[in-house]
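The values are calculated or read from the model by the stated rules, or taken from the named source; none is laboratory data. On a predicted model such as this, the values are computed, not experimentally measured, just so you know. A quick note on method: Cβ atoms are made from the backbone with ideal geometry, for glycine too, and the neighbour counts reach across all protein chains shown. We work out accessible area using only protein heavy atoms, side chains counted, and drop any ligands, DNA or RNA first. Shrake-Rupley method; radii C 1.70, N 1.55, O 1.52, S 1.80 Å.
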Amino acid sequence: MLLSGITLKRVIATSAVAATVTLGAGLTGIAQQAATLNGAGATFPEPLYQRWASELRKANPPLQVNYQGIGSGGGVRQFIAGSVDFGASDNAMTDEEAKKVKNGVVFVPTAGGPVAVVYNAPGVTDLRLSRKVLPQIFAGQIKNWNDPAIAADNPGAKLPNQPIRLAVRADASGTSFIFTNALSAMSPYFKGRIGPNRAPSWAGSPLKGKGNPGVAQIVQRTPGSIGYVEAAFARQNKIPMAQVQNSKGEFVAPTQEAANQALEGVKFNPDFRVNYDLLGNPDSGYPIVGLTWIMVYRNYEQPGKADAVKRMVQWMLTDGQKINDQLDYTRIPSSVASQVVQTVKSEVK
């Protein structure tokens, strides 16, 4: 199944610590009863969930969904522990993690999009970073803004003579995984030194912020800094975003169209996860892109929870996908969405 023909858009919206979503309109074939579901995880999709709350809280009958953006790592840990009704992560779960879930897991892809490289380099307004230079910066090999390697990517630019300050996530994060997965595809050295990880062991002593908003704030207030955030946060906060070189040698900004191009060749696995090597090294478009998932249990012990989950997933992958389009998030292909809905209906008990 190819992730082709997707209309990729992203939302410019503030991050919500918790979202309350009222679902129910447009659901057929599933019993509709009042219920509450609690979830936690990735900050990447929080703006989408916030908008869902705004649009759907008046629908009847109500299904209340409380969501906390604590990072993908936290979402996976709480899901394994059974302390939430669903988890959320930008890189799903590993096979090893999934085996720890005593009630089983079903993966539900919901959206996706680009991760932007943001920077605060005085006097620089149009930064370009090659596939060689970007991993070297975040591996600690390039330490100053006026390094000849950065200058070679930016002929004519007046680069400041000051140290580079890395701004990274303090929490275990799917955004960090997307970013390090892409840089690992660009550089064997980076892959061996740091590698794809939700909680990377960075070189030196980087500045650390909680969630995408935390990293964005660090970059805003720290001259000489460079970091990575979900592209909507960069646009919302008007932080400069670098153009990053793709595998074709093109320098590309994290636009909707460029992210769409990057995701066109991605295949979903039978369990609805993906091959991360393909996400990290797309054939064209913007090279730092990812998808996001919620994880639901196959078995719920509390009465009514399974039906509530089925209602939530069906709405997310039908009417909810129209909101994805409106708010600049990736829309999951209808063929994939339909299979996910049917899997959840038949396997969640």
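Find all pairs meeting these conditions: Cβ atoms under 8 angstrom apart; at least six residues apart or on different chains; first residue within region 235-248 and within 20 Å of TYR329 (Cβ to Cβ) and modelled with pLDDT under 95; second residue surrounded by fewer than 17 Cβ atoms within 10 Å (Cβ to Cβ) and among the hydrophobic types (A, V, I, L, M, F, W, C).
Matching pairs, first to second residue: ARG235/ILE12; GLN236/ILE12.
How do the helices (runs of 4 or more DSSP H) wholly within region 146-216 filter down when requiring 1 or more residues that are among the small types (Gly, Ala, Ser) and touching a residue at least 24 places away in the same chain (Cβ under 8 Å): which remain?
Hits in region 146-216: 174-186.
I'd like the full set of residues that are open to solvent by less than 30 Å² (accessible area, probe 1.4 Å), within 13 Å of ASN91 (Cα to Cα) and assigned to a loop (DSSP other than H, G, I, E, B), limited to region 270-284.
The one that is open to solvent by less than 30 Å² (accessible area, probe 1.4 Å), within 13 Å of ASN91 (Cα to Cα) and assigned to a loop (DSSP other than H, G, I, E, B): PHE272.
Taking the residues in region 231-249 that are in a loop (DSSP other than H, G, I, E, B) and in contact with a Ser or Thr (Cβ under 8 Å, 6 or more places away or on another chain) as candidates, determine which candidate is least open to solvent (accessible area, probe 1.4 Å).
ASN246
Only one of these conditions is not met by ASP95: (1) open to solvent by 40 Å² or more (accessible area, probe 1.4 Å); (2) modelled with pLDDT under 95; (3) of a type in the set (D, E, K, R). Which number is it?
Exception for ASP95: condition (2).
Please specify each residue of region 299-332 satisfying the condition of being in a helix (DSSP H, G or I), in contact with a Leu (Cβ under 8 Å, 6 or more places away or on another chain) and farther than 21 Å from LYS102 by Cβ.
ARG311, MET312, GLN314, TRP315, ILE323, ASN324
Assess whether GLN326 counts as being closer than 23 Å to VAL105 by Cβ and polar (S, T, N, Q).
No.
Determine whether region 50-66 contains at least one residue that is under 14 Å from the mean Cα position of the chain (by Cα) and in contact (Cβ under 8 Å) with a residue 12 or more places away in the chain.
No, every residue in region 50-66 fails to be under 14 Å from the mean Cα position of the chain (by Cα) and in contact (Cβ under 8 Å) with a residue 12 or more places away in the chain.
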